[in-house]
Amino acid sequence: MQKNIVLKNIKSYLGITVEVRILKWKEFEIVKTIFEGDSTVIHRAIDTNGKYIIIKHLKNEFPTSKEILKLKKEYNIVSSIQEEGVIKPIKLLGDNRNFAILFQDIGGESLTKLLNGDKLPLEKLLSIAIKIAESLEVIHKHGIIHKDIKPHNIIINPQTYQLEIADFGISSMLSRETPSIEKIENIEGTLPYISPEQTGRMNRNIDYRTDFYSLGITFYEMFTGKLPYFSHDSLEMIYFHIALQVTPPDELNSEIPLPLCQLILKLLEKNAENRYKSAVGVKHDLQQIYELYVNNPEKLSRYTIAQKDIPDKFAVPQKLYGRENEIASLLQTLERVVSQKSGRSELLVVKGFSGVGKTNLVKEIQKSVSEKKGFFLSGKYEQFKRDIPYYGIVQAFEELNTLLLVEPESKIRVWKNNILNAVGSNGQVILDVIPDLELLIGKQHSLLNLNLTEAQNRFILVLKDFIKVFAKKEHPLVIFLDDMHWVDSASIKLLQAIISDSDIKYILFIFSYRDNEVDNNHSLIQLLNDIQSSDCLIHTIHLLPLGFHDVNQLIADILQKDKEQIYELTNIILSKTDGNPFFVIEFLKSMYNDKIIFYNSVENSWSWDITRLKSIEVTDNVIDLMTKKIGNLSGVGQNLIRLASCISNRFDLNTLSVINQKSIPDTANELEELLKEGLIVPEGISYQFVTDDSETNRHIHYNFLHDKVLQAAYETIPNNNKENIQLFIGRHLWENTLENELDDRVIDIVNHSAHVVFCVTPHKIRRNSNVTFFKL
């Protein structure tokens with residue numbers, strides 16, 4: 001148990017006057033409390049040898065599992081870095097309740113405190129900036145994304161100017177993460193310093209370049225004395241980061257030379273593709289600016305930044321190539337839906353082959369929807385879920401529920417009242433398809449029993465009223481339904497009723513489908529024909545494979561080469577992939593993994609072995625390429641991805657651990673290989689905090705990178721094993737689903753058990769005919 005004794009005593013520590021606080025944490029004497037947060041406390045202390053150390057320990061007497069796991073993860077990350085520039089751990093201490101990390105003490109203080117003191121000359125600030133860039137270079141070299149770069153987490157000795165970056169509590173060792181939409185207080189990072197993509201409000205993954213944006217904010221504050229954005233409203237802060245351009249720093253401080261201003265603005269680009277590509281490039285420019293500022297100031301204004309900014313990591317840009325016209329068409333359609341005074345709904349259809357980039361194209365609209373204060377919802381239909389009614393639509397409205405629940409409490413109350421006023425006594429109709437909406441609107445009255453047709457009609461009418469709550473000029477609604485070639489018949493009927501209703505305004509529906517997998521008799525084509533005859537406008541975008549110019553530009557951006565230098569390489573890749581974007585990217589990754597493409601550290605540039613590429617036999621089928629990649633996994637990894645492919649494109653950790661017949665933490669550890677290979681993508685950050693408690697883990701979900709990865713994994717399973725696995729999943733779901741949740745999962749249970757005789761005890765299932773229609 002901790003014991004606090006505060007002594008009214010003053011002593012000097014490295015020239016700094018501090019109040020002495022003696023706090024016994026085990027055998028250490030606490031000299032000063034440096035920081036106290038919601039879950040951790042940081043002290044300067046003296047160990048048993050009389051040496052100063054830093055202690056970071058959990059604040060709560062009974063910490064949560066997540067708090068313990070977070071501290072352990074931080075220790076593991078910082079322990080993997082031996083170079084200077086990063087805070088050095090000594091050991092991890094802990095028992096069942098009290099955990100702490102001991103760090104070496106460089107006698108430093110936060111950069112925040114230093115900046116709040118006497119004004120530092122530009123020359124000194126530049127030297128500090130160089131050290132920060134050097135430290136970030138070390139972090140990124142180890143494949144770590146810090147995710148919380150800010151002056152408070154930069155420790156500097158005020159006498160020696162030794163510098164270290166600290167606080168790796170939310171850092172990641174994945175090359176990229178997919179952020180989820182969270183309540184403001186749960187967003188990872190610090191709002192004044194957070195990148196647009198890290199807010200979770202954009203269609204972008206997080207990679208190491210999120211740190212460059214935070215670095216840009218830090219530099220802006222260092223050299224101007226002000227943050228580029230500030231608001232007491234957290235949602236407004238997020239909006240600033242996403243949409244508002246900064247005031248150039250040299251307008252606030254005329255001493256800032258032009259190249260330094262350009263460097264800071266490049267770090268602060270909204271689009272990560274336009275930021276620096278490496279910490280090495282940032283460091284090089286800062287060093288050159290420093291040298292010119294000190295020794296040749298007359299030449300400084302002519303310096304060109306980012307000339308040595310060559311990434312040493314193989315990274316595929318997230319921007320779309322060759323889709324400028326299609327993106328413009330998307331944005332024009334959105335603008336038309338929003339700007340019309342009378343309001344109307346429209347339908348945009350995006351068609352093309354698998355892997356051509358339909359999903360990524362549509363999600364380019366997400367930022368614009370956010371800027372218009374609208375809702376962007378998405379749902380995805382799946383090949384093996386075609387018997388589940390409203391499968392994609394339900395996903396979309398589950399997303400809506402998530403968006404509403406992360407709003408401030410005052411807004412949540414408004415939404416609750418608006419929804420209840422719209423649906424009246426029929427709230428249970430909505431809860432039957434979106435059970436988690438009960439968290440927002442509370443329990444609802446039971447419904448009158450109706451026959452099948454009447455129940456379906458009631459459901460459609462109530463859902464229309466529900467949609468009208470959100471589809472308004474001040475917050476338009478965009479609903480994207482992906483892979484509509486796998487749509488179910490119930491969704492077809494519902495969509496026809498909604499889209500054809502002229503009373504529903506300010507809503508844009510977007511469908512995507514593979515046009516090579518449907519014919520004129522497909523239910524989707526029939527739906528489109530029916531909608532065409534109504535008052536709703538329909539627009540179609542036909543996505544084609546990329547041409548030579550676009551593939552050439554993509555490769556040039558990855559390898560940082562002039563386009564003329566890679567004509568031959570482009571021709572070979574184009575001939576193997578037919579310009580299919582997904583295939584092109586995966587083909588390039590396989591070339592990198594096979595060391596046909598490699599980084600030449602001597603020449604500081606990317607190289608490739610064209611002779612070897614020409615001589616090897618390379619598949620011209622993306623499924624074969626994915627099968628080869630899966631075959632290169634460990635035996636454990638291969639088994640796990642096959643099991644996951646039997647669940648769904650999106651699967652949860654609990655179900656996977658059961659069919660894997662291992663504990664939840666063990667299964668999560670085995671998944672690390674698939675995550676690092678990029679075959680599986682985690683949703684949000686909860687995957688980092690896995691416990692033995694299935695209830696705690698029930699929100700941990702993963703997605704396959706692409707349908708083709710799932711297909712390749714599934715096709716490697718012998719047919720007789722597929723049936724056994726599906727039955728096992730069905731039994732698991734049946735045995736572990738609570739009785740009050742059976743209505744929501746019964747179709748999924750039957751779907752997994754479709755290959756066998758599956759006996760259901762009739763009295764255990766209450767059928768809601770407007771929700772689930774199935775045959776036993």
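Each value in this text was obtained by applying a stated rule to the coordinates, not by laboratory testing. Given the structure is predicted, the values throughout are model-derived calculations rather than measurements. Note that we place each Cβ from the backbone using ideal geometry, even for glycine, and neighbour counts take in every protein chain shown.
Using θ = phi - 60° and the Karplus relation 6.51 cos²θ - 1.76 cosθ + 1.60, list the HN-Hα couplings for the range 535-544 in order, rounded to whole Hz, with x at every Gly or Pro.
7, 7, 7, 10, 10, 10, 10, 9, 7, 10
When the dipole is taken about the Cα centre of the range 231-374, and only Lys, Arg (+1) and Asp, Glu (-1) are charged at their Cβ, what size is it in debye, to the nearest 20? Working shown, then result.
Working: 20 positive and 18 negative charges, 153 e Å.
Its charge dipole is roughly 740 debye.
Given the options Ile507, Gln340, Ile165, identify the residue whose Cα lies farthest towards the positive end of the charge dipole of the chain (+1 on Cβ of Lys, Arg; -1 on Cβ of Asp, Glu).
Ile165
Sort 718-726, 522-530 for me by packing, meaning the mean count of neighbouring Cβ atoms within 10 Å per residue, highest on top.
Per-residue Cβ counts within 10 Å, averaged per peptide and sorted highest first, yield 522-530, 718-726.
First select every other residue whose beta carbon is under 9 angstrom from the beta carbon of Ile623; then total the charges, Lys and Arg +1, Asp and Glu -1.
Numbers: positive: Lys708; negative: Asp624, Glu715.
Taking every other residue near Ile623 into account, the sum is -1.
What residues have an amide H closer than 5 Å to that of Trp606, excluding those fewer than 5 places away on the same chain, when H is modeled at 1.01 Å from N in the peptide plane?
When sequence neighbours closer than 5 places are left aside, the close amide H contacts are Asn600.
So what's the projected area for the chain, the Cα convex hull averaged over all directions, in nm²?
37.3
What is the sum of charges around Asp47, taking Lys and Arg as +1, Asp and Glu as -1, for the other residues whose C-beta is under 9 Å from the C-beta of Asp47?
Summing Lys and Arg as +1 and Asp and Glu as -1 gives -1.
If R0 is 51 Å, what FRET efficiency do you get for Asp594 and Glu517 from their C-beta distance, rounded to 0.05?
In this case the efficiency is close to 0.95.
Report the charge-dipole magnitude of the chain in Debye, nearest 20, computed about the Cα centre from +1 at each Lys and Arg Cβ and -1 at each Asp and Glu Cβ.
The calculation lands at about 1000 debye.
Give me the dipole magnitude in Debye, nearest 20, for the range 141-180 about the Cα centre, with unit charges on the beta carbon: positive for Lys and Arg, negative for Asp and Glu.
140
May I ask you to list the chymotrypsin sites (Phe, Trp or Tyr not before Pro) in the range 189-240 that are in a DSSP loop and have at most 11 other Cβ atoms within 10 Å of their Cβ?
Those that pass, being in a loop and sparsely packed, are Phe230.
Can you give me the angle between helix 635-645 and the longest principal axis of the chain, using Cα atoms only, in degrees from 0 to 90, rounded to the nearest 10?
Value to nearest ten degrees: 50.
Let's test the formula: R0 of 30 Å, r as the Cβ-Cβ distance of Asp95 and Glu735. What FRET efficiency results, to the nearest 0.05?
0.25
In whole Hz, what ³J(HN,Hα) sequence does the range 506-516 give by Karplus (6.51, -1.76, 1.60; θ = phi - 60°), x for Gly and Pro?
Residue by residue, the range 506-516 yields 6, 9, 10, 8, 10, 10, 10, 7, 8, 5, 7 Hz.
Under 5 Å between amide H atoms, partner at least 5 residues away or on a different chain: which partners does Val518 have, H built in plane at 1.01 Å?
Result for Val518 returns nothing.
Highest mean first, what order results for 551-557, 453-459 on Cβ atoms within 10 Å?
Those peptides, ordered most packed to least, come out 551-557, 453-459.
Could you tell me the relative contact order of the chain? Use alpha-carbon pairs under 8 Å, at least six residues apart, and round to a whole percent.
Across the chain, relative contact order equals 10 percent.
Kindly express, to the nearest 10 degrees and within the range 0 to 90, the angle between helix 409-423's C-alpha long axis and the longest C-alpha principal axis of the chain.
10
Once Lys and Arg get +1 and Asp and Glu get -1 on their Cβ, which of Gly442, His706, Phe582 lies farthest toward the positive end of the dipole of the chain?
So the residue furthest toward the plus end is Gly442.
Are there any trypsin sites (Lys or Arg not before Pro) in the range 33-118 that are in a DSSP loop and have at most 14 other Cβ atoms within 10 Å? List them by number.
Passing both the DSSP loop test and the Cβ count: Lys51, Lys59, Arg97.
Taking the Cβ-Cβ separation of Glu438 and Thr247 as r and a Förster radius of 45 Å, what is the calculated FRET efficiency to the nearest 0.05?
The pair Glu438/Thr247 has a calculated efficiency of 0.50.
Tabulate in residue order the Karplus-calculated ³J(HN,Hα) for the range 47-57, using 6.51 cos²θ - 1.76 cosθ + 1.60 with θ = phi - 60°, rounded to whole Hz; enter x for Gly and Pro.
Once θ is set to phi - 60°, the couplings for the range 47-57 become 8, 5, 9, x, 8, 6, 9, 10, 10, 10, 10 Hz.
Take the cross-link list Lys341/Lys363; Lys385/Lys468; Lys363/Lys676; Lys147/Lys183; Lys56/Lys141 and give me the ones stretching past 20 Å between alpha-carbons.
Lys341/Lys363; Lys385/Lys468; Lys363/Lys676; Lys56/Lys141
Could I have the simple spin-label model distance between Glu474 and Glu723, label points 7 Å from Cα toward Cβ, reported in nm to one decimal?
Taking the two extended label points, one gets 5.9 nm.
Using the Cβ atoms and a cut-off under 13 Å, what net charge is assigned to the surroundings of Glu164, where Lys and Arg are +1 and Asp and Glu are -1? If you can, show how the numbers build up before the last one.
Values: positive: Lys88, Lys131; negative: Glu83, Glu84, Asp105, Glu109, Glu134, Asp167.
For residues surrounding Glu164, the net value is -4.
Using the Cα atoms of the range 142-218, I'd like the radius of gyration and the largest Cα-Cα distance, Dmax, both in angstrom.
Over the range 142-218's Cα set, Rg and Dmax evaluate to 13.1, 44 Å.
Which of the peptides 435-442, 411-418 is most tightly packed, and how do the rest follow, going by the mean number of other Cβ atoms within 10 Å of each residue? Spell out each step's value before the answer.
Working: 435-442: 16.0, 411-418: 13.9.
Peptide ranking by packing, descending: 435-442, 411-418.
What angle, in degrees between 0 and 90 and rounded to the nearest 10, separates the Cα long axis of helix 622-631 from the longest principal axis of the Cα atoms of the chain?
60
Under 20 Å from a point 7 Å along the Cα-to-Cβ line of Lys66: which residues of the range 669-706 have their amide N that close?
669, 682-703, by backbone N distance to the label point.
Tell me the label-point distance for the pair Ser231, Arg650, using the 7 Å Cα-to-Cβ offset, in nm and rounded to one decimal.
The two pseudo-label positions are separated by 2.8 nm.
Limiting things to C-alpha atoms, what are the Rg and the maximum Cα-Cα separation (Dmax) for the range 324-542, in angstroms?
Cα only, the range 324-542: 17.0, 52 Å (Rg, Dmax).
Can you list the residues, at least 5 places off or on another chain, whose amide H is less than 5 Å from the amide H of Leu348, using H built in the peptide plane?
Placed amide hydrogens put Phe509, Ile510, Phe511, His539 under 5 Å from Leu348.
Once the dipole of the chain is set up with Lys and Arg at +1 and Asp and Glu at -1 on Cβ about the Cα centre, which of Ile531, Cys261, Leu727 lies farthest towards its positive end?
Result: Cys261.
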